[in-house]
Structures are given as structure tokens and as C-alpha cells.
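The values are calculated or read from the model by the stated rules, or taken from the named source; none is laboratory data. It should be emphasised that the depicted structure is a prediction, and the values quoted were computed from it without experimental measurement. FYI the Cβ positions are ideal-geometry reconstructions off the backbone, even for glycines, and counts take in every protein chain you see. Note: areas computed on protein heavy atoms with side chains; ligands, DNA, RNA excluded. Shrake-Rupley method; radii C 1.70, N 1.55, O 1.52, S 1.80 Å.
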Amino acid sequence: MSTYSVKAFGAESKEADLKEMNIERREITTNDVEIEILYCGVCHSDLHTARNDWGGTKYPSVPGHEIVGKITKIGSNVSKFQVGDLAGVGCIVDSCGECNSCKQDLEQYCENGFTGTYNAKDKHLGGHTFGGYSQKVVVDADHVLKVPANLDLAAVAPLLCAGITTWSPLKHWKVGKGSKVAVVGLGGLGHMAIKLAKGLGAEVTLFSRTPGKTDDAKSLGADYVVISTDEDQMASVKSKFDLIIDTVPYDHDVNPYVTTLNINGTHVLVGFIGKMDEALFTPPMIMGRRAVAGSVIGGIAETQEMLDFCGEHNIVSEIEMIKMQDINDAYERMLKSDVRYRFVIDMQSLS
């Protein structure tokens, strides 16, 4: 298969800073589209992968799975896109299409393993996939998304990970008008959970350890803020919530939150991957048919549904724009939660 070279930013090893490099992209096949990347969001997963925090990183590593840009070429079999269209690419660039999950448009749970936008096996070129910290990307058209033209394109980018990660559980647990939803943590994921739950008509509460976030949470759409370290405030919301979206990215005790769930309520983890040291205390679960669950990103159809919803309701992420050359500093700031609420790279800076 013929290829061409594009500029990118990536890491050569887990100890190395990200730097400019050249990578190969495939020439489009009959089912592909080529996208000139205009903006790419910065996700915690990018940092974890670049630094091999989860193990298994293949180097050189080029992260980035919150991609928006303009289509520059289309394959001969592609009918739903035209050259010049705005397009998005999220965390998935391929899946088997044949397993039970894929047949339900749940490619994120592909039983044969979906192909991630970066650090996954590249079935076209061999080696591994490279993400959106680059000038262009070539993707199978079935895994490319239409971006509403009325939205701020840069602020759309984080919807493709942070947005869909919180939208998917909101839809699965049928949140709508009259639902009572709580969000744990106010960061890239948490601020999107508030905006989307509010857009769906829910009453939204933020759980926070930091009283200083109250004004910000309410400006994003939260109706209430509960300080989770305050026992009286926690007691005041006992048995209240239908759904809790927990965006905290590190090990933490979920037991205090379970008691705030309504009968049949669910506490869904979307931020932490790993072992929790604090054991689940089961009586509140058993005595109220309460559940602790997990959820990851979303399928292509569901992601398109979210983008269309955001277009109709004018919902985008709160972002801070950076140049590609500032990515290493941005990673250090992310570790300190020093961003409101998502970094987005202006990819023109790479040119």
C-alpha cells in the first residue's frame, strides 16, 4: 500500500518529551476519507499513553483522539461525505463489524477489540495507529462523524471523547426531563456531564470536594453543589439521585455516594480504570436495588447522535487553545488540574 509523509508530534519513549516527527499515512482506499486536522483535543489518555502509565504503549507514540478538521479527499465508494465537509474522528477508527456488540452499534465494546485511533494495530500498514497530533489522518468513512456547522469547531473537539464518554451513560440510563443526576468531579468529563445532563432536561447536582467550584458549576448549568466532605450536606441528599456519573480519574471511595442513590439508582464510573482499594459496602445496594457500573466512550451512531444534539442545543466544551509546541507544558498542567476544562491544539501551529 502506498503512503505519504506528514508532520506529527509524538514521544519516542516513556521518558521523552513529545517532539516534532514525521509519520506515514496511507493513501486513501475506496472506503476512506482524508482529513486535514484543524484542531485536536488533549485527553488524559493521551498523557497516560505517551508515558506508558498503563503499559503496552508502542513507540513512537502519536496521541490524539479528539479530532476535527476538513475533508480533503474521499474514496470512490464514499457517498455520505464530500470534499470540504467538516468532519470529526473520535477514539475508534475501526472494529470487526460482525460481533454481537458491533451489530448493536456498540463498537466500543467490540468483542474482537476495536481499533483505537492511536496505539492500536494498524491493519492497513502494519505497525500501530497514529493519532491526531498530526497534519492529516486517513480513516474509514464509516468511522468518521459529521460536525454541525453552527458550532465552534475548536470547542467541538473534546466532545469526541469527553462528550461521548458522559453522553453514553446518560442515554443508556434514559436520563430526561425530571431525572435527578449527580456528577462527581468537575474537569474535562465532569463539565460535559453537567452540560449534557442539563440539555436533556435533568436536575443536575455537582459533588465536589472544593467549595470554590460552586459558581463555576452553576455557570455550566448545575442546579446544586454538594460538598462531598461535609457529612450534613451528604445526608441532605440521601436517596435522591437516579444516576451518578463519576468522572474522578483516580482510586476513591464510592460508598458515600451509593447511599445518595434513589431506589434502582446507578453510580457509573467513567473516569477511573484500575483496582479500587476500598471494598464496596453492599447493604445500601441490596436494600435499594442500587448498582455500581462502568461505561466507556460510545459507538459511532451514538457519537453522531450526541454531535447532532449538541448542534441543536449549542453545547460545546470549555477550552483553552494551545500551540502544538506547548503540549509538554500542557501535560504538566493537566497533572495539576490546571485547565478549564480541556486543552485543544490549534494544529495550524504544526505547519
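Restricted to the stretch 33-42, and to residues that are open to solvent by less than 10 Å² (accessible area, probe 1.4 Å) and out of contact with any helix residue (DSSP H, G or I) (no Cβ under 7 Å at 6 or more places or on another chain), which residue is nearest to A154 (Cα to Cα)?
So the residue we want is I35.
Let's see how each residue does on (1) over 22 Å from E320 (Cβ atoms); (2) among the polar types (S, T, N, Q); (3) in contact with an Asp or Glu (Cβ under 6 Å, 6 or more places away or on another chain):
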| position | (1), (2), (3) |
| --- | --- |
| E107 | yes, no, no |
| T115 | yes, yes, yes |
| A120 | yes, no, no |
| K123 | yes, no, no |
| G126 | yes, no, no |
| Y133 | no, no, no |
| L145 | yes, no, no |
| A155 | no, no, no |
| I164 | no, no, no |
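Answer yes or no as to whether I345 is over 29 Å from K103 (Cα atoms), in the same structural domain as L170 (by the TED database) and either open to solvent by 20 Å² or more (accessible area, probe 1.4 Å) or part of a strand (DSSP E or B) (or both).
no
Exactly one of (1) over 20 Å from D152 (Cα atoms); (2) over 22 Å from the mean Cα position of the chain (by Cα) is unmet by G84. Its number?
(1)
Looking at the stretch 134-162 only, could you name the residues that are part of a strand (DSSP E or B) and either of a type outside the set (G, A, S) or more than 18 Å from D46 (Cβ to Cβ) (or both)?
Within the stretch 134-162, K136, V137, V138, V139, D140, L145, K146 meet the criteria.
What number of residues within the stretch 130-154 satisfy the criterion of being open to solvent by less than 10 Å² (accessible area, probe 1.4 Å) and closer than 11 Å to C310 by Cα?
0
Quickly run through the stretch 65-82 and pick out the residues that are in contact with a strand residue (DSSP E or B) (Cβ under 6 Å, 6 or more places away or on another chain), among the basic types (K, R) and either in contact (Cβ under 8 Å) with a residue 40 or more places away in the chain or open to solvent by less than 20 Å² (accessible area, probe 1.4 Å) (or both).
Across the stretch 65-82, the qualifying residue is only K73.
Would you say I319 is of a type outside the set (D, E) and open to solvent by 10 Å² or more (accessible area, probe 1.4 Å)?
yes
Please enumerate the residues belonging to the stretch 219-236 that are more than 25 Å from D277 (Cβ to Cβ) and open to solvent by less than 20 Å² (accessible area, probe 1.4 Å).
L220, G221, A222
Looking only at the stretch 219-264, count every residue that is without any contact (Cβ under 8 Å) to a residue 40 or more places away in the chain and out of contact with any Ser or Thr (no Cβ under 8 Å at 6 or more places or on another chain) and tell me the total.
Residues in the stretch 219-264 being without any contact (Cβ under 8 Å) to a residue 40 or more places away in the chain and out of contact with any Ser or Thr (no Cβ under 8 Å at 6 or more places or on another chain): 17 in total.
Counting only residues that are touching a residue at least 40 places away in the same chain (Cβ under 8 Å) and among the basic types (K, R), which one in the stretch 155-205 is least open to solvent (accessible area, probe 1.4 Å)?
Among those that are touching a residue at least 40 places away in the same chain (Cβ under 8 Å) and among the basic types (K, R), it is K195.
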